[in-house]
Amino acid sequence: MSTPAADLLRLVNGHQVARAIQVAAELRIADSLGEGARDVGDLARESGTEEASLYRLLRALASVGVLHESDGRRFELTELGRPLRTDDPQSVAGWAAFAGTPSIWAAWGALDHSIRTGENAFKHVHGADVWAYRSDRPEESARFDRAMASHTGRASDAVLEVEDFGRFSTILDVGGGNGTLLAKILERNPEAHAILFDQPHVVAEADLPSRCEAVGGDFFEAVPEGADAYVLKAIIHDWEDRESVAILQSVRRSIDPDGRLFLIETVLGGPNERPAAKLSDLNMLVNPGGRERTIDEYAALFEQAGFEFVSETETSSGHSVIEAAPA
């Protein structure tokens, strides 16, 4: 029976479902299940877990529709649970595993500190911002990179449904991680070339197609010249206004007068809508220390950095492609 109290309690206890999904992602249960049903004993042996406890986890996930339990303690993926597979085109496995990282949970535990003070919770808890923290911990950095690749993989097709990069000869992805987005752009545009720009240790691990060059550096200092389209996916929302303008100014110094800038971001909606965007904004406060923005706020950043707003196009993934031109 649904009542306001019961519905609110489900929201209050939402962290339980989230953590159960994250542990299943960390154990790669969805990959082990594949396309069929499997016995919990087999899954426990394969994942190195205690069978009775794993059964309790899996039956809980079946109760919320992520898995389906049949006779004999056998489990299979539902349509809802299929994106937990790492090979699913819409995979969220990398993001689910990253979201369960102890350092991330600890930062969310200090949300009240951020609300009271306006300070970044992650830095308050760990004594360093997310970037410095990960630079000293290769496994944390690798987990973050996998999460970004998973996130980008889901968003890329949606972006390419609404934006034709075929009008550009060279596309440069600023902070492009392992090159997932650029690879999809090149696949659809066989005449184009691309440049992947990110921190040296990130681009060193990228497996890139032949028409893509990797360049390492710091986007606060400079970005490469020579492209007619500059793409920044989920970069600006990681930073407050001062740092965001500095990044955009780096692009402005390198872009040709007739070049184009594309931000791929989640845009805040009006009151009482877009919960994913509003909760992502809280995550920016808690973890990287940035913020989600309205289109007017992005236009203001452009103006400060020497760009002018051209257009916003929403995609089916919930992101928007925000185009700007040199002013």
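A short reminder: the numbers here are calculations on the coordinates, not readings from a lab. None of these values were measured; they are calculated from a predicted model. Don't worry about glycine lacking a Cβ; one is built from the backbone with ideal geometry, like all the others, and counts go over all protein chains shown.
Below, the figures for the structure above:
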item: Sole residue being outside any helix (DSSP H, G or I), acidic (Asp, Glu), surrounded by fewer than 20 Cβ atoms within 10 Å (Cβ to Cβ) and free of Cβ contacts under 8 Å to residues at least 12 places away in the same chain, chosen from Glu308, Glu273; result: Glu273
item: Conditions (1) without any contact (Cβ under 8 Å) to a residue 60 or more places away in the chain; (2) more than 13 Å from the chain's Cα centre (by Cα): number failed by Ser316; result: (1)
item: Residue in segment 121-140 that is among the β-branched types (Val, Ile, Thr), under 22 Å from Arg82 (Cα atoms), under 15 Å from the mean Cα position of the chain (by Cα) and buried (at least 20 other Cβ atoms within 10 Å of the Cβ) present; result: no
item: Test: Glu213 is surrounded by fewer than 18 Cβ atoms within 10 Å (Cβ to Cβ), in contact (Cβ under 8 Å) with a residue 40 or more places away in the chain and farther than 19 Å from Pro288 by Cα; result: no
item: 1 or more residues touching a Pro at 6+ places or on another chain (Cβ under 8 Å): qualifying strands (runs of 3 or more DSSP E) within segment 144-234; result: 170-174, 193-198, 212-216
item: Residue satisfying condition, being surrounded by fewer than 16 Cβ atoms within 10 Å (Cβ to Cβ), basic (Lys, Arg) and within 28 Å of the chain's Cα centre (by Cα), within set Arg10, Arg45, Arg28; result: Arg10
item: Candidate set from segment 77-103 (those that are buried (at least 17 other Cβ atoms within 10 Å of the Cβ), not in a helix (DSSP H, G or I) and not small (Gly, Ala, Ser)); member that is nearest to the chain's Cα centre (by Cα); result: Val92
item: Qualifying position, being among the charged types (D, E, K, R) and touching a Leu at 6+ places or on another chain (Cβ under 7 Å), among Glu35, Glu119, Glu76; result: Glu76
